[in-house]
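Each remark here refers to the structure printed beneath this line.
The values are calculated or read from the model by the stated rules, or taken from the named source; none is laboratory data. Bear in mind that the values here come from a model prediction, so they are computed numbers and not experimental data. Positions of Cβ are backbone-derived with ideal geometry, glycine not excepted, and every protein chain shown enters the neighbour counts. Please note that ligands, DNA and RNA were not included when accessible areas were found on the heavy atoms of the full protein model with its side chains. Shrake-Rupley method; radii C 1.70, N 1.55, O 1.52, S 1.80 Å.
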Amino acid sequence: MQLKNYIAGQWVAGTGKQAELLDASTGELIATTSSGGLDFAAMLHYARTVGGPKLRKMTFPERGRMLKALALYLMERKDKYYTISYKTGATKADSWVDIEGGIGNLFANASLRRTLGNMPFYVDGEAIKTSKTGTFIGHHIMVPKEGVAVHINAFNFPIWGMLEKCAVNWMAGVPAVVKPATVTSYLTEAMVKDIIASGILPEGALQLIVGSAGDLLDHVMHQDVVTFTGSASTGRMLKRHDRLIDESVPFNMEADSLNAIVLGPDAVPGTEEYDLFIKEVGREITLKCGQRCTGARRILVPQNLIEDVQIALGKRLGSTVIGDPRAEGVRMGALAGKAQREEVKRALAELLKASQVVYGDLDSVNVTGADVQKGAFMSPILLLNPDPWKNQQSHNVEAFGPVSTLMPYTDLDDAVALTKLGKGSLVATIATYDDKTAQQFVWGAASHHGRMLVLNRDMAKENTGHGSPLATLVHGGPGRAGGGEEMGGKRGVLHYLQRTAIQGSPTGITALTQQYQQGARYHITEQHPFRLHFEELNIGDTLITEKHLVTLQNVEDFAALSGDRFYAHMDANSLDGTPFTGRVAHGYFILSRAAGLFVDPPKGPVLLNYGIEECRFLKPVYPGSTIQVKFTCREKLDQEKRPKTADSPKGADVARGIVKWLVDVVDETGETVALATILTMVKKLDQK
Ligand code: NAP
């Protein structure tokens, strides 16, 4: 079978020399592939002109729903991907990270639709006052780039590698061209076939290259973004590509990293943290046969515990059953191929110049359910580097397989300094139950790490592990790790958006952001705004309320009702040295009374009060002052109708949206005394 590339709406077989893709455990031929003869310039052009415009027209909620639909669709087909994944040498647990971890990224990014606003672009932060009287203000919007996200991925996670990146660029409104590493590209291809067949993505949102990248990068342009996951040497070479420099194309690199795991000084044998540490390290060495960018390559242990740890790890690794991942009981599969095993052995030879093997066999391994000669099997290898300051190979050479090095440290400062010899890593972990130790380590070493995990008994049950990046947290690291930053929830999406400062009058900026800005023109509606349905409300629709005279009795009554008898409200003799000149009304009374002024009581389209987003009390209100509210529709956020389920609460299937209101409470001088944004849930006219 020959794999096909997906280009400009067509499945195309590459011409010329074919790469042979082999089963990692049996050596059997799975498929051949090539990207020869493809017109990469046309491919990028197609993404920019066909996929991009369609994605950019969609709002964030629409893109989020698209990701969710895709995630559900792929979950239904996951068994198929597991079957194929075994061929890469991955066990069921390894494949779970790749397949369901990847689909999980789609779900997690889909959920961002509730936080990115209702438009095809994102409004970043708050307005900035840039003039004395406020007639000239600034703001920031972030619009989708009009280019392509080009993803060049490593071989170890053929699905997760694609989905963790595409989830983000699709959410941002940018199409993707994915180029998985050739050796495991058959798994990526199988999923892309399903994605395309589903019709869930707009045409042009995804194209696939199965084979070498050829001259792809010669055709990237200034609106494109290139991401790379793989070895530092390839990454550095690509980063220097003339075209990337000439066109100022952002290049996000996730490369090799010598991640460390540290046994805290308090985590001595007999503590829960010690046991957790041994378990975590064992898992790190064997999971995915050690082929994880986040793998714990350096194990730092107090010098007096080196022997204990060495024995405990040896025991743990010794119980790992290695073999064909399809065979019963196998916990560690094969490397992705024999070429990868040769790579690992080359790196091991470097490491052995300064370290000795304390567990494992370099040349032989017992396997279950497989012919050891045919598959890319390897024994887990634990090395010991007794002098990690003198022998620095352990901090510089990555063996991308089941290989880690044990090293002693003298005190915690020494451990922090040793982790930094890795010159930048994706992740570091410390096992400790002591907050001071955790602080010293994390605060000391965070500058050199993209993510840090504190492992202890309190989180152990729900711990996702040293090696698992999470969709909502940043993945990437400084220095050797490439300087990249992926995922991280909203942070990831922003990489694909252009941030543009916008300047103008409050009315002008309201029109551009679709968020009401203070001082902008407003429109007093004929009906009370609470009588209007979601679709009938416009940004800037305003109610000017009746007035209320604040009295001392109000203060007394509110204190009695709420129980808040703070001295500034109750005791006129206690105000020396305070900002107050008399008994001041409670801020919460002002806001509550404001609600009494702006709320329209009869049943109508407003379903409920959803909360308060910001609230500031800006000027004291004393009895005798008069308050009045300017109540303005600030922003509208669409919500989807939840499907009816047995356990969904009554009314959950009502079509509605969230309306944010600016509550501007002024006193008799016209000055603002309190300012808040409140949220209401408002029914739609259209209940379909
Ligand atoms: P690699 O050899 O650097 O390849 C990575 C990707 O780059 C592959 O898709 C490869 O395609 C492509 N590539 C190679 N030469 C290229 C060129 N001249 N132009 C354009 N693309 C080119 O790395 P790998 O062996 O697949 O992955 C293992 C390495 O990746 C390890 O060192 C590991 O640490 C690192 N890694 C890092 C992370 C992370 O997030 N930091 C994650 C996973 C892996 P072909 O397959 O077609 O050659």
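Among the listed pairs 87/179; 80/288; 132/660; 374/420, a Cα-Cα separation exceeding 30 Å is found for 374/420. In this structure the amide hydrogen of residue 31, modeled in the peptide plane, comes within under 5 Å of the amide hydrogens of 21, none closer than 5 places in sequence on its chain. In a fully extended conformation the segment linking residue 472 and residue 502 would gain 7.9 nm over its present Cα-Cα distance, using 0.36 nm per residue. Pairs exceeding a 27 Å alpha-carbon distance, out of 490/688; 57/490; 145/423; 239/279: 490/688; 145/423; 239/279. Per the Kirkwood formula applied to alpha carbons, region 568-688 shows a radius of gyration over Rh ratio, Rg over Rh, of 1.13.
Normalising by residue count, the chain has a Cα convex hull of 207 Å³ per residue.
Quick check: from the Cα gyration tensor, does region 25-81 come out rounded (a/c under 1.5), prolate or oblate? Oblate, since a/c reaches 1.5 and b/c is not below a/b.
Tell me, what is the FRET efficiency for residue 41 and residue 62 to the nearest 0.05, using R0 = 25 angstrom and their Cβ-Cβ distance as r? Present the calculation step by step, with values, prior to reporting the outcome.
Details: r = 30 Å, r/R0 = 1.20.
E between residue 41 and residue 62, to the nearest 0.05, is 0.25.
Are there chymotrypsin sites (Phe, Trp or Tyr not before Pro) in region 488-581 that DSSP puts in a loop and that have at most 16 other Cβ atoms within 10 Å, and which ones? Please list the in-between numbers first.
On the way: sites: 496, 516, 522, 530, 534, 558, 566, 567, 580; in loops: 496, 516, 522, 566, 580.
Of the chymotrypsin sites (Phe, Trp or Tyr not before Pro), the ones in loops of region 488-581 whose Cβ has at most 16 other Cβ atoms within 10 Å are 566, 580.
For residue 502, nonlocal amide neighbours, meaning residues 5 or more places apart or on other chains whose placed amide H falls under 5 Å from its own, are 139, 140, 141.
Give me the 1.4 Å probe accessible area per residue for the chain, excluding ligands and nucleic acids, in Å².
43 Å²
Region 515-588 and region 139-208 have their alpha-carbon centroids 50 Å apart.
State the antiparallel share, in %, of DSSP beta bridges confined to the chain, rounding to the nearest 5.
On the way: 62 of 105 bridges.
Roughly 60 percent of the beta bridges in the chain run antiparallel, per DSSP.
Rg of the Cα atoms in region 259-473, relative to 2.2 N^0.38 Å, amounts to 0.97. For residue 610, nonlocal amide neighbours, meaning residues 5 or more places apart or on other chains whose placed amide H falls under 5 Å from its own, are 679, 680, 681.
In sequence order, region 25-38 has phi-based couplings of 9, 9, x, 5, 6, 9, 6, 10, 7, 7, 10, x, x, 6 Hz under the Karplus curve 6.51 cos²θ - 1.76 cosθ + 1.60, θ = phi - 60°, and Gly or Pro positions carry x.
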